[in-house]
Amino acid sequence: MTGQVTHFEIYGEDPAGLAEFYASLFGWQIVKAPGVGYWRIQTGPKRGNGFDAGLTYRPTTGPHCWLNYVTVDSMDAALMQAQRMGASIVRPKTAVPRTGWCSVLQDPQGNSFAIWQADPTAFPPPEPD
C-alpha cells in the first residue's frame, strides 16, 4: 500500500558499532547482509508489531538522524510532484539491486525523508566507459 512508512534507516561512520549499541539497548536482532555494507534490523517478531529497518554507512552529505521511508507507486512521478511542490532532492533515485528504488528528499521546510518503490528488476545503470 502506498503512503505507508515501510522502514527506517540509521546512518553512521561505524555501522558495526551502532549495530551493537542498538542490539544491546533495544534487544533488536541485527544481522549484516552478505557482501554489502548493510545491516538488517528486525525490531520485533515478523508477525507482531515489529518494524523492519536497516543500518549502513552515512552518505558523505547524509543525515544525522533516523530516516523514514514512505512507499510510492512511481518513484519518477513522486519525485516530479515533490519538486513541483517545493521539495529538493538530496539523494537521487538509486537502485537497491533486485529490490527497489529509493530517493532522499527534503520538504519545503528542510525536513528529510525518503521514498521507496518496490521493484524486483531494479538495478543500477552500467558504469560509463
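The values are calculated or read from the model by the stated rules, or taken from the named source; none is laboratory data. Just so it is clear, the model here is predicted, and its values are computed rather than measured. Note that each Cβ is placed from the backbone with ideal geometry, even for glycine, and that neighbours are counted across all protein chains shown.
Details
- Answer residue from the stretch 101-111, given it is in a strand (DSSP E or B) and of a type outside the set (V, I, T) and is surrounded by the fewest Cβ atoms within 10 Å (Cβ to Cβ) among those: Q106
- Given (1) surrounded by 15 or more Cβ atoms within 10 Å (Cβ to Cβ); (2) of a type outside the set (V, I, T); (3) over 15 Å from the mean Cα position of the chain (by Cα), index of the condition G12 fails: (3)
- Yes/no for A114 being in contact with an Asp or Glu (Cβ under 9 Å, 6 or more places away or on another chain), at negative phi and part of a helix (DSSP H, G or I): no
- Filter result for D107 (within 24 Å of I10 (Cβ to Cβ), at pLDDT 90 or above and touching a strand residue (DSSP E or B) at 6+ places or on another chain (Cβ under 8 Å)): no
- Residues in the stretch 57-100 that are exposed (fewer than 15 other Cβ atoms within 10 Å of the Cβ) and part of a helix (DSSP H, G or I): D76, A77, M80, Q81, Q83, R84.
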